[in-house]
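Worksheet: the structure to be examined is printed underneath.
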Amino acid sequence: MKPFDTPVDQNVIESQAVLEDYRNSNFTKGHLNPSVHQKTKEDRKATFTLTNIVPQRGGSNSGPWSQLEEDVLKRLKTYCTGKMYVITGAMPYESGAHWINGRVSVPEYMWSAYCCPSFKPKLPESVQMFFPTYAAVGRNDPTSGGEIVPGDVIAREEVWGYDVRPMPLQTLEDILAQRLGMSISLFDGHCQK
């Protein structure tokens, strides 16, 4: 990846997020495709583009969501024997848009799902529920209601309200379908449990 050395075109500044949008915003730059999931330094560096970033609260990004990314990577490396697919996204607020500086949409929740069509036989019982698919939704707003992701009342103060709820793929697809008002099939019917 080569640095972008020329001035940013005004059309870009007007139509998509730029670094200035995040300054003093109280949001971190949350990766959709996690850098920790990449094998090479060059691939990790490529995940830091703003097209791979959403506004994420620090308590989520460095807390339960970070732990989810690490757990997923460990499971995939340990048990998948072929290709694996991970899709991550952001879920808008149902009660109206929330913005950074009126320019960058802030999601209420983050979600992630993976599909591992080929995995080791005789999985330990403790991980069987995670194969061939797995999904999770995480809070990006500690004040959100508990209907999608219930809050952990005994969580540490710095991560309180940023809980992550594991779930079957179908449950995530149902939540997204309801929130977005459309039919959702993340892996197009492939890799169903």
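Any residue in segment 108-116 that is touching a residue at least 12 places away in the same chain (Cβ under 8 Å), over 17 Å from Val54 (Cα atoms) and in contact with a Cys (Cβ under 7 Å, 6 or more places away or on another chain)?
Among the residues of segment 108-116, at least one is touching a residue at least 12 places away in the same chain (Cβ under 8 Å), over 17 Å from Val54 (Cα atoms) and in contact with a Cys (Cβ under 7 Å, 6 or more places away or on another chain), which makes the answer yes.
When segment 89-141 is examined, which residues are found to be touching a strand residue (DSSP E or B) at 6+ places or on another chain (Cβ under 8 Å) and polar (S, T, N, Q)?
Selection gives Ser105, Ser112, Ser118, Thr133, Asn140.
Has segment 94-101 got at least one residue that is crowded, with 19+ Cβ neighbours inside 10 Å and either of a type in the set (Lys, Arg) or under 24 Å from Val159 (Cβ atoms) (or both)? Let's see the steps before the verdict.
If we filter segment 94-101 for residues that are crowded, with 19+ Cβ neighbours inside 10 Å, which is where we start, we get none.
No.
Report, by residue number, each residue of segment 76-129 that is outside any strand (DSSP E or B), within 20 Å of Arg57 (Cα to Cα) and under 20 Å from the mean Cα position of the chain (by Cα). If you could, list the steps in order and put the result at the bottom.
Quick first cut of segment 76-129, residues outside any strand (DSSP E or B) only: 76-79, 81-84, 92-98, 101-103, 106-108, 116-118, 120-129.
Within this subset, residues satisfying the condition of being within 20 Å of Arg57 (Cα to Cα) are 92-98, 101-103, 106-108.
Across segment 76-129, the qualifying residues are Pro92, Tyr93, Glu94, Ala97, His98, Val106, Pro107, Glu108.
Among the candidates Arg75, Arg57, single out the residue that is of a type in the set (D, E, K, R), surrounded by 17 or more Cβ atoms within 10 Å (Cβ to Cβ) and over 26 Å from Leu19 (Cβ atoms). Break it down stepwise before answering.
On the way: Arg57 fails: over 26 Å from Leu19 (Cβ atoms).
Just a single option satisfies the conditions, and that option is Arg75.
Quick one: Val72 ticks every box in (1) in a helix (DSSP H, G or I); (2) out of contact with any His (no Cβ under 9 Å at 6 or more places or on another chain); (3) not polar (S, T, N, Q) except a single one, so which number is it?
(2)
Of the residues that sit in segment 169-190 and are touching a helix residue (DSSP H, G or I) at 6+ places or on another chain (Cβ under 8 Å) and not β-branched (Val, Ile, Thr), which one is surrounded by the most Cβ atoms within 10 Å (Cβ to Cβ)? Steps first, please.
Residues of segment 169-190 that are touching a helix residue (DSSP H, G or I) at 6+ places or on another chain (Cβ under 8 Å), as a first pass: 183-187.
Of the ones still in play, those that are also not β-branched (Val, Ile, Thr) are 183, 185-187.
Numbers: Ser183: 8, Ser185: 13, Leu186: 21, Phe187: 17.
The extreme case among them is Leu186.
Every number in this text was worked out from the coordinates using simple rules, so none of it is lab data. Please read all numbers here as calculations on a predicted model, not as lab measurements. No Cβ is skipped: glycine too gets one built from the backbone with ideal geometry, and neighbour counts run over all protein chains shown.
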